Amino acid sequence: MRTGSMRVAEISLPAIRHNVRHLREMTGGNVIAVLKANGYGHGAAIVGKAAIEGGATLLGVADLEEAIALRDAGIDAPVICWLHGVRVDFVAAVERDIEIAVSNLAQLEALAAAASHLGKTATMQFKIDTGLSRNGASPGEWSALFARGAELERAGAVRVRGLFSHLSNTNDTEDRAQAARFESALAILRAAGCDPEMIHLASSAATMTSPHLYYNTVRVGMAIYGLSPLAGKTSADLGLVPAMTLRSEIVALRDVPAGAGVSYGFNHVTQSDTTLALVPIGYADGMPRALNGAGATVAIAGQHCPIVGRIGMDQCIVDIGKLGKKVSLGDPVILFGDPCTGVPPVEVWAELMRTINYEIVASIGTRVVRVAVDGDDSTLSEPDNTDTSSSFSLQIADPEAMHALGVRLGRSFAAGDLVILTGPLGAGKTTLSRGIGEGLNVRGPVTSPTFVLARTHPSLGGGAPLIHVDAYRLADAAELDDLDLDFEGSVVVTEWGAGLIEERGSWIEIVIERPIGGAGNPSDADGSEDLDEPVEPRTVTVTGYGPRYNNGVL
Ligand SMILES: *Cc1c(COP(=O)(O)O)cnc(C)c1O
């Protein structure tokens, strides 16, 4: 029997489908969805089905056992595996129509033997090493390997369906050097008489940065889960939607006085009277033990609350003092998810642990129940699918989340939208505006409009331009009229515009609030725009006024 919602990784199928579709449209070729390591911790079978629905051509895993598990889960779409043990049983693969990536002659002969044993043609691809010094045939082996492959293909034992290699993601120069070696291998393979239909080199990172490496297929893991493979870029920056929400629930509440020791070793002692929530998720579930004391938060009732004390194998403790008595047993606790919905992104844990988001999601333990959550793909742009009112509030943890919210808003804005942006200096208005500009795909940089009254950012893609107005120095609505802005044909974002433009009928108000006592970031006061970056969580409230927004703002 399961105990319900104690430890759940919710996997959004609309997010997976969206990400695969986005990658297909972006690259214009085949997408191989990489599902190794239980779909990077998301649940390989859950993700596999959604990836095929989103338009993936082929599913990729490392081990044959993983490929067989997909077949056992009822997935009959094409599957390839590429990392083989010395005693691998290719008969089991050929029986199940699992494609094999071949890295050396011994594997090629074993595959051909398995095929002839079953009287079938085995489908295979050549995996070559172009500089990573890992799995794959090295350049000295290519000629003999490809010649034998062509021979076996003519004999009907194998079908050579593709050629691929893996990049080091070191830099563009190294990528280009690998690509040159890859192309010389392709020439050798063709000269040997093979005509591979799938040619692929780029995984997520190169897919996001290097269209010249697409060939006709990309082989993508991280991006289909909606997570960024690039340091310094968020999911939203790349048009991706994170698919996993890691959640638990409050199973005990305890009021404690100042000075109470918390968890093993008492390495946290409460500073004031507070309330502690017990959350049944620990390091056996993939929550790094070293997060202890590092400053990570979880989202409860829309607020970010700190994890305190040492993280145990099964449980951790959250200080919810700032929530007052608004919380009850069984209330949901979100450990990470899509920051556009106001929860912490997985990247917070990765950064605190000095690792990459890949390692965090791939380490989510087996006790965590993977639950597929389906829905209408078109609801993705709603920060909260259940909220159809024209107002919503979000907790925004940091500048990245503020930027991501801006991108999401920008994507949903259209010509005629009028936005009033209000918030104290240093609240993150410029960060949000920059995100809006990016979401609208207009020419940047969107900066604080302090030295001009209105700046127009033309669209880079045929959409509406962004007009960014600083209403601070406008005396009244008449002065705004004097600027003669094209409100109908543009998205107009005005800072400090409250009181000036309400007469226009419909508008969106965005209010950014800092926590009481929260400050800007004076330590960054180096004259750059970072002055406007929030360093503490913000509450952002988006409200639509007037008939245009009767059905919601987004
Ligand atoms: C894991 C893996 C990928 C996917 O890498 P991402 O960075 O997650 O896109 C692609 N190809 C091979 C050979 C891999 O092992």
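No value in this document is a laboratory result; all are computed from the given coordinates. These figures come from a predicted structure and were not determined experimentally. Quick reminder, even Gly has a Cβ in these numbers, built from the backbone with ideal geometry, and neighbours come from all protein chains shown.
Once you treat every alpha carbon in region 76-168 as an equal point and sum by Debye, what is log10 I(q)/I(0) at q = 0.11, 0.14, 0.22 Å⁻¹?
Cα-only, vacuum Debye calculation for region 76-168: -0.27, -0.45, -1.09.
Using only Cα atoms, tell me the angle between helix 44-54 and the longest principal axis of the chain; keep it within 0 to 90° and round to the nearest 10.
80 degrees
Ranked highest first by average number of other Cβ atoms within 10 Å, how do 108-114, 249-255, 458-464 line up?
Order by mean packing, descending: 108-114, 249-255, 458-464.
Take the Cα radius of gyration of region 21-147 and divide it by 2.2 N^0.38 Å, with N its residue count; two decimals is plenty.
Region 21-147 yields a ratio of 1.08.
Using 1/(1 + (r/R0)^6) with R0 = 51 angstrom and r between the beta carbons of Asp195 and Ser459, what's the FRET efficiency to the nearest 0.05? Numbers along the way, then the final one.
On the way: r = 42 Å, r/R0 = 0.83.
The calculated FRET efficiency here is 0.75.
Starting from region 298-355, pick out the trypsin sites (Lys or Arg not before Pro) whose DSSP state is loop and whose Cβ has at most 13 other Cβ atoms within 10 Å.
Answer by residue number: Lys325, Lys326, Arg354.
At a Cα cut-off below 16 Å, give the aspartates and glutamates reachable from Lys127, other chains included and same-chain residues fewer than 8 away excluded.
Filter leaves Asp63, Glu99, Glu109, Glu141, Glu183, Asp195, Glu197.
Gain in length, Ser391 to Arg87, computed as 0.36 nm per residue apart minus the alpha-carbon separation, to one decimal in nm?
Net length gain for the segment: 103.4 nm.
What does a probe at Asp314 reach in region 281-306, counting residues whose amide N is under 14 Å from the point 7 Å along Cα→Cβ?
So the set is 281-285.
Be a star and scan region 15-36 for residues whose amide nitrogen sits under 16 Å from the point 7 Å along the Cα-to-Cβ vector of Leu132.
32-36
Just to be sure I understand the curve: with the Debye formula and one point per C-alpha of the chain, what is log10 I(q)/I(0) at q = 0.09 Å⁻¹?
Here log10 of I(q) over I(0) equals -0.77.
Could you give the length gained by full extension between Thr209 and Arg176, i.e. 0.36 nm per residue of separation minus their alpha carbon distance, to one decimal place? Don't jump to the answer; show the numbers that get you there.
Working: separation 33, 0.36 × 33 = 11.88 nm, distance 1.24 nm.
Length gained between Thr209 and Arg176: 10.6 nm.
Evaluate E = 1/(1 + (r/R0)^6) for Glu488 and Glu351, where r is the Cβ-Cβ distance and R0 equals 45 Å; express this FRET efficiency to the nearest 0.05.
Working: r = 43 Å, r/R0 = 0.96.
Efficiency for this residue pair is about 0.55.
Looking at this model, which pairs from Lys36/Lys326; Lys49/Lys325; Lys49/Lys120; Lys322/Lys429; Lys49/Lys233 are more than 32 angstrom apart at the alpha-carbon?
Beyond 32 Å: Lys36/Lys326; Lys49/Lys325.
Figure the gain on full extension for Glu65 and Ala475 (residue separation times 0.36 nm, minus the Cα-Cα span) and round it to one decimal in nm. Please list the in-between numbers first.
Working: separation 410, 0.36 × 410 = 147.60 nm, distance 7.06 nm.
Between Glu65 and Ala475, full extension yields 140.5 nm more.
When the Cα atoms of region 14-238 are enclosed in a convex hull and the volume is divided per residue, what value in Å³ results?
Numbers: hull volume 24.9 nm³, N = 225.
Convex hull of Cα atoms, per residue: 111 Å³.
Cα atoms only, region 245-371: Rg and Dmax in Å?
In order Rg, Dmax, the Cα atoms of region 245-371 give 13.7, 40 Å.
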